Amino acid sequence: MSGDPLQPVLGGTIPFDATAHEIESRAELDHHLAAKSLAGLVVLGLRLDLDPPALADVDVSGTLFVGCRLASDDVEIDLIRRGAHLIPPFDARPYPTHPATLYTPEDLSYGFAADGFAGMYDTRVYDHFVAHGGASPDIREAIAQRLHDAGIDNALLKALAAWVEAHGRAGAVGIMGGHAAPRGSAAYRMAATLAWRLAGAGRLVVTGGGPGVMEAANLGAYFSERPAGQLDEAITMLSAAPHFADHDPYTAAALAVRAAFPAPGSGIPGRLLHGGLALPTWLYGHEPANLFAGQIGKYFSNAVREDSILRLSRGGIVFAPGWAGTVQEIFQAATKTFYQTDGPSGAFVFLGVDHWRELPVEELLRPLLAKSPHGDQSNLVVVTDSLDEAMDALALGDVDPAPVGDR
């Protein structure tokens, strides 16, 4: 069923990643079964009740079966007796506990056509998240959510590897800013235009996946191979529903733009070029999904998600006008740059001179980064109203993206 994110979860043909110690597809399992050993390996989310494999003469000492469906209780008991460990599948949940791929806009908006915002996949998962304790879930729900997020980590690694193979190692550029910036506002247009230019130059645009400036950035990347006039036309269409709190018209307007201007990209690299990467969280699930990112790594854990955005954005970070959440990200990023936690850093570009005078981050950042144990980093700070100046600063940030899975 196209667009349904629950379909490719168990027993799929796409492996989560290339790790030698994890088995994520039946083909990979059969390869190991031919050698008669699964010892010490992790088998993730496979339907072993369908065409059940012969396991009786296979070494399973220390094998961890996570979320696998087995043919019978007798098979489970035999595996445990011979040294395997089993974490059984969880009761039905509205989200996959073993996602093999990142989400797409079609996944998150699945169900909107029939049931509106309240019935789409993204909202149903958020409702489940809230009903099970939100940020403080019970232990069963917590384990299921952690497994989901681990799958997203693995899928993200695979997506980044596909990007590097297709487009090289030009540094990813993060674009941060206020979630409440209305569609059509000056901040929205500026972020969309900058992202359009960055993606057109072959850079990977990374956002937090929310509305406002984040949506604008993914929108700009979505239009990277279209003329500027079409991007402007899309922003005008979206401006008919400017505020994300109006959930149904806001989402409907995004889907209408996607229908009017279909994404040209195919495959993971093509999707990332035409829309970029978004890493949102269900902690802020009351905000409508950003439907212009090419690939979406949606997390339950906001902390993991925020760290992943900053860890990836080593080619520079753009901070459009924003308030508390944006300021938090600024100093979280500054800490990484100060200690070079993830290697050398690209520029810190602050768009909107008047805004960043009101919140004087430059006065604090420059002396802080000047004291970095890796040398004076204060030259990375750029405050400007000029997109040309922003592009010039970000061109200096061509560094390798950091491996987000190394946690």
- Query: Charges only on Cβ, +1 for Lys and Arg, -1 for Asp and Glu: so what's the dipole of the chain about the Cα centre, in debye to the nearest 20?
  - Reply: 400 debye
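Tell me which trypsin sites (Lys or Arg not before Pro) from segment 162-261 have a DSSP coil assignment and no more than 15 other beta carbons within 10 Å of their own.
Listed in order of number, the matching sites are Arg169.
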- Query: How large is the accessible surface per residue of the chain, computed with a 1.4 Å probe and reported in Å² as a whole number?
  - Reply: 40 Å²
- Please work out the C-alpha center-to-center distance from segment 207-238 to segment 49-98 and express it in whole Å. 45 Å
- Leading residue at positive end of dipole, segment 99-233 (Cβ point charges), from Pro105, Pro227, Ala201: Ala201
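For segment 11-155, what does the alpha-carbon gyration tensor say about shape, rounded, prolate or oblate, given a ≥ b ≥ c as the root eigenvalues, a/c under 1.5 as rounded, and a/b over b/c as prolate?
Since a/c reaches 1.5 and a/b is larger than b/c, the shape of segment 11-155 is classed as prolate.
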- Round to a whole number: what % of the accessible area of the chain belongs to carbon and sulfur, probe 1.4 Å? 57 percent
- Please state the Cα pair-distance histogram of the chain with 10 angstrom bins from zero: what percent is in each bin? 5, 23, 30, 23, 13, 6, 1, 0
- Burial-style ranking of 39-48, 94-103, 323-332, 208-217, average other-beta-carbon count within 10 Å with highest first, yields 208-217, 94-103, 39-48, 323-332
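All other residues with a Cβ under 15 Å from the Cβ of Ala35 taken together, and with Lys, Arg as +1 and Asp, Glu as -1, what is their net charge?
Result for the neighbourhood of Ala35: -3.
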- Query: Along the positive direction of the dipole of segment 222-319 (beta-carbon charges: Lys, Arg +1; Asp, Glu -1; about the Cα centre), which of Gly276, Ser308, Phe292 reaches farthest?
  - Reply: Ser308
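Charges at C-beta only: +1 for Lys and Arg, -1 for Asp and Glu. How large is the resulting dipole of segment 64-160 about its Cα centre, in Debye rounded to 20?
Details: 8 positive and 14 negative charges, 55 e Å.
Dipole of segment 64-160, to the nearest 20 debye: 260 debye.
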- Message: Rounded, prolate or oblate, given the Cα gyration tensor of segment 78-144, with a/c below 1.5 counting as rounded?
- Response: prolate
- Filtered hits (aspartates and glutamates, Cα-Cα < 16 Å from Lys336, offset >= 8 within chain) -> Glu306, Asp307, Asp376, Asp400, Asp406
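The values are calculated or read from the model by the stated rules, or taken from the named source; none is laboratory data. Note that the structure is a prediction, hence the values are computed from the model and not measured. Virtual Cβ from ideal backbone geometry, glycine too; neighbours counted across all protein chains shown. The protein model used for the area step is the full one, side chains on, heavy atoms only, and it has no ligands, DNA or RNA in it. Shrake-Rupley method; radii C 1.70, N 1.55, O 1.52, S 1.80 Å.
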